Amino acid sequence: MSGQADDVYEALLAAHEGLTEAESVALNARLILILLNALSDPEMALVAICAARTGIIVKQ
Amino acid sequence: MGRYIHKRFTCPPPPELRGGRPRDYPVVIIGAGPVGLAAAIDLALHGVPSVVLDDSDRVSVGSRAICWAKRTLEIFDRLGIGERMVAKGVTWQVGRLFHGDREVYSFDLLPEAGHKMPAFINLQQYYVEEFLVERCADFPDLIDLRWNNKLVALEQRDGGVDVSVETPEGAYRLHANWLVACDGARSRTRALLGLDFTGRVFEERFLIADVEMKADFPSERWFWFEPLFHTGESALLHKQPDDIYRIDLQLGPDADPEEEKKPENVIPRIKAVVGDRPFELDWVSVYTFQCRRLDKFVHGSVIFAGDSAHIVSPFGARGGNGGIQDVDNLAWKLAAVVKGEADADLLNTYDEERIHGADENILNSARSTNFMTPKSATERVFRRAVLDLAASHVFARRMVNSGRLSAPCSLAGHLLQTPALSEDGVAPGQVCPDAPLTAPDGRSVFLANLVGQEFKLLVVGDVQLPVGIDLPFVQINANGYADQQGFAKARLGRDVVYLVRPDQHIAARFTAPAIEDVARALRRARGDAAVTAQVPA
């Protein structure tokens with residue numbers, strides 16, 4: 001299981017390879033929108049945004 | 001300038017200037033714009049007379065409201081000018097969004113058939129006012145239009161308002177039981193009462209121009225983010241009648257309006273939009289936008305409607321459309337109060353329902369303006385992300401915000417509506433949907449023309465109404481109005497009864513109502529507080 005998490009982490013970093021800082025910022029923004037949309041429940045989007053702001057992830 | 005000729009209206013001197021003491025009137029309306037004129041006509045349809053005071057003698061000058069939404073057209077149809085507006089206006093329903101020179105996506109606001117009115121028409125405000133003024137002439141004994149009559153002072157006292165008026169022929173006073181202020185964003189009524197708006201002013205400036213030119217642009221709303229042809233953030237193009245195009249160009253926050261309005265500065269900007277086509281500038285102005293409103297719209301005997309009560313940025317076409325929906329909500333209630341059929345408390349529900357409408361319009365207009373004018377580098381990054389994703393991701397298209405176009409307001413959950421007991425059918429508070437029907441005599445009719453103006457029951461199917469119900473009703477079944485294409489059943493449900501308000505909003509929905517169910521819902525819809533108080537929260 002941690003192997004899978006490592007795969008994801010590596011993919012995230014690899015996605016930024018060769019990009020300028022501005023391009024990375026743009027990619028992150030697109031990724032955030034895509035992920036927010038992928039959540040099945042819009043409420044989860046608001047929870048995630050709140051959590052990111054406080055730096056704490058709470059298990060629902 | 002331009003091709004529309006502004007007629008100068010005249011009227012006989014008011015009776016107050018021919019001697020005698022100030023007279024009493026049930027209703028005085030300040031402002032003969034679309035909202036004031038619509039209010040006078042709607043009151044007249046209820047048999048209530050009004051005096052309308054306007055400080056000019058012509059219709060709207062310049063480029064102001066253009067886009068009239070389907071719901072507004074249904075209201076204007078009830079008032080008698082809807083078909084005329086559609087005939088003259090430019091009908092549209094498709095919008096296209098561009099980022100730079102790339103089309104991001106397009107949308108269709110009314111993808112289905114079976115409605116009398118189109119999604120939108122574009123029609124200059126001066127035409128709408130011209131048609132309304134002519135319609136007022138159908139009520140010579142009920143509508144007293146007074147041109148060049150300027151409100152200068154007012155004083156509320158028991159049972160009404162004392163109004164002081166100035167005219168070129170002299171000054172006079174009159175007394176109104178009710179004063180309806182339809183005098184716009186810079187309302188003198190509001191100033192005289194010392195009331196102010198709360199809300200937001202945006203700093204961005206927009207240059208708007210009416211341009212006359214022969215061109216073959218399709219009847220679509222075109223909006224650009226970061227257009228290549230203009231250094232500002234956004235541009236908007238609308239087609240109007242008489243070969244007139246309305247162009248909105250976003251200027252930077254530091255733009256100097258006086259400089260920007262100069263033809264030598266405007267013309268190159270327009271040329272960048274329209275290319276080599278010859279054109280004439282019909283109108284130019286520079287605006288900042290605001291999204292604000294009064295705390296309440298009813299102040300004693302003074303009622304505010306339209307821009308005098310609330311103002312919005314124009315993206316989404318919620319200004320003129322919002323004001324006409326105010327009138328739709330207010331007129332039947334004020335008429336009932338004037339005629340002694342309802343308590344003055346009923347007007348509190350105008351506050352309740354239209355403050356809700358105004359807040360919806362303000363929220364949506366503010367969000368659009370925010371999207372169009374990112375305030376920080378981070379906002380700009382996210383907006384760019386939305387635009388980049390929208391070309392290939394459907395979800396991102398929903399986030400692109402160049403204006404959430406005006407839609408009918410739902411009054412679900414407000415006091416006058418009786419909550420429905422089941423889930424099927426249209427929720428109380430929504431506007432009764434339109435549908436094509438065939439009348440018993442074979443004529444093709446629309447449901448929107450069969451309901452409204454007074455409380456009615458709408459019966460879908462063979463439901464038998466209980467004996468003794470004293471309300472007009474419309475029945476959709478084989479013996480009544482036939483639903484040959486099936487739109488009515490699809491939109492309204494089967495074997496269901498609706499209580500429809502004079503403004504065509506649904507007040508209640510029943511399956512097999514007893515006479516007391518209907519009577520109670522009707523009392524509630526007329527503002528009977530005793531009924532509302534009995535219902536558990």
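What the table below lists for this structure:
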| quantity | calculated |
| --- | --- |
| Sole residue being outside any helix (DSSP H, G or I), charged (D, E, K, R) and away from chain B (no Cβ under 13 Å), chosen from A:Glu10, A:Glu17 | A:Glu17 |
| Selection status of B:Arg491, in contact (Cβ under 8 Å) with a residue 12 or more places away in the chain, closer than 21 Å to B:Leu411 by Cβ and either part of a strand (DSSP E or B) or touching a helix residue (DSSP H, G or I) at 6+ places or on another chain (Cβ under 7 Å) (or both) | no |
| Criterion: in a helix (DSSP H, G or I) and modelled with pLDDT of 95 or more - qualifying residue of A:Ala45, A:Ala29 | A:Ala29 |
| Residues located in region B:257-274, provided they are assigned to a loop (DSSP other than H, G, I, E, B) and surrounded by 13 or more Cβ atoms within 10 Å (Cβ to Cβ) | B:Lys261 |
| Residue list for region B:176-214, filter: out of contact with any Phe, Trp or Tyr (no Cβ under 7 Å at 6 or more places or on another chain), modelled with pLDDT under 90 and of a type in the set (A, V, I, L, M, F, W, C) | B:Val201 |
| Residue match in region B:401-416 (condition: within 14 Å of another protein chain (Cβ to nearest Cβ) and part of a loop (DSSP other than H, G, I, E, B)) | yes |
| Filter result for B:Arg397 (more than 14 Å from chain A (Cβ to nearest Cβ), touching a residue at least 12 places away in the same chain (Cβ under 8 Å) and farther than 25 Å from B:Asn449 by Cβ) | no |
| For B:Gln325: the one exception among (1) out of contact with any helix residue (DSSP H, G or I) (no Cβ under 9 Å at 6 or more places or on another chain); (2) at pLDDT 90 or above | (1) |
| Residue satisfying all of: in region B:20-44; part of a helix (DSSP H, G or I) and of a type outside the set (A, V, I, L, M); farthest from B:Val128 (Cα to Cα) among these | B:Asp42 |
| Neighbours by Cβ (under 7 Å, 6+ apart or cross-chain): first from region B:42-60, farther than 19 Å from B:Val152 by Cα and touching a residue at least 40 places away in the same chain (Cβ under 8 Å); second aliphatic (A, V, I, L, M) and in a loop (DSSP other than H, G, I, E, B) | B:Ala44/B:Leu142; B:Pro49/B:Leu142 |
| Residue count for region B:494-529, restricted to those that are small (Gly, Ala, Ser), part of a helix (DSSP H, G or I) and touching a Pro at 6+ places or on another chain (Cβ under 9 Å) | 1 |
| Strands (runs of 3 or more DSSP E) (entirely within region B:71-181) containing at least 1 residues that are over 30 Å from B:Gly486 (Cα atoms) and among the small types (Gly, Ala, Ser) | B:150-157, B:160-167, B:170-181 |
| Among the candidates B:Leu465, B:Leu458, B:Leu447, B:Leu471, residue that is surrounded by 18 or more Cβ atoms within 10 Å (Cβ to Cβ) and closer than 20 Å to B:Ala512 by Cα | B:Leu458 |
| Options B:Gly452, B:Gly442; residue that is on the phi > 0 side of the Ramachandran plot and surrounded by 19 or more Cβ atoms within 10 Å (Cβ to Cβ) | B:Gly452 |
| Subset of region B:8-25 that is loosely packed, with under 12 Cβ neighbours inside 10 Å and under 14 Å from B:Asp54 (Cβ atoms) - its residue that is farthest from the chain's Cα centre (by Cα) | B:Thr10 |
| Any chance B:Thr438 is modelled with pLDDT of 90 or more, under 30 Å from B:Val48 (Cα atoms) and away from every other protein chain (no Cβ under 14 Å) | no |
| Inter-residue pairs, beta-carbon under 6 Å, first within 14 Å of chain A (Cβ to nearest Cβ) and in region B:358-386, second outside any helix (DSSP H, G or I), 6+ apart | B:Phe371/B:Asn401; B:Arg380/B:Pro374; B:Arg383/B:Pro374; B:Val386/B:Val400 |
| From the options B:Val518, B:Val463, B:Val500, B:Val459, residue that is closer than 20 Å to B:Glu74 by Cα, touching a residue at least 12 places away in the same chain (Cβ under 8 Å) and out of contact with any helix residue (DSSP H, G or I) (no Cβ under 8 Å at 6 or more places or on another chain) | B:Val500 |
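For (1) surrounded by 17 or more Cβ atoms within 10 Å (Cβ to Cβ); (2) of a type in the set (A, V, I, L, M, F, W, C); (3) more than 19 Å from B:Arg367 (Cα to Cα), each residue gets a yes or a no:
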{"residue": "B:Arg186", "(1), (2), (3)": "no, no, yes"}
{"residue": "B:Leu195", "(1), (2), (3)": "yes, yes, yes"}
{"residue": "B:Glu204", "(1), (2), (3)": "yes, no, no"}
{"residue": "B:Lys214", "(1), (2), (3)": "no, no, yes"}
{"residue": "B:Phe223", "(1), (2), (3)": "yes, yes, no"}
{"residue": "B:Pro227", "(1), (2), (3)": "yes, no, yes"}
{"residue": "B:His230", "(1), (2), (3)": "yes, no, yes"}
{"residue": "B:Leu237", "(1), (2), (3)": "yes, yes, yes"}
{"residue": "B:Tyr245", "(1), (2), (3)": "yes, no, yes"}
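Condition check ((1) of a type in the set (S, T, N, Q); (2) out of contact with any strand residue (DSSP E or B) (no Cβ under 7 Å at 6 or more places or on another chain)) across all residues:
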{"site": "B:Ile5", "(1), (2)": "no, yes"}
{"site": "B:Cys11", "(1), (2)": "no, no"}
{"site": "B:Pro15", "(1), (2)": "no, yes"}
{"site": "B:Gly20", "(1), (2)": "no, yes"}
{"site": "B:Asp24", "(1), (2)": "no, no"}
{"site": "B:Val27", "(1), (2)": "no, no"}
{"site": "B:Leu53", "(1), (2)": "no, no"}
{"site": "B:Ser56", "(1), (2)": "yes, yes"}
{"site": "B:Val59", "(1), (2)": "no, yes"}
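The values are calculated or read from the model by the stated rules, or taken from the named source; none is laboratory data. The structure presented is a predicted model; accordingly, all values stated were derived computationally and were not measured. Every residue, glycine as well, gets a Cβ built from its backbone with ideal geometry; the counts of neighbours run over all protein chains shown.
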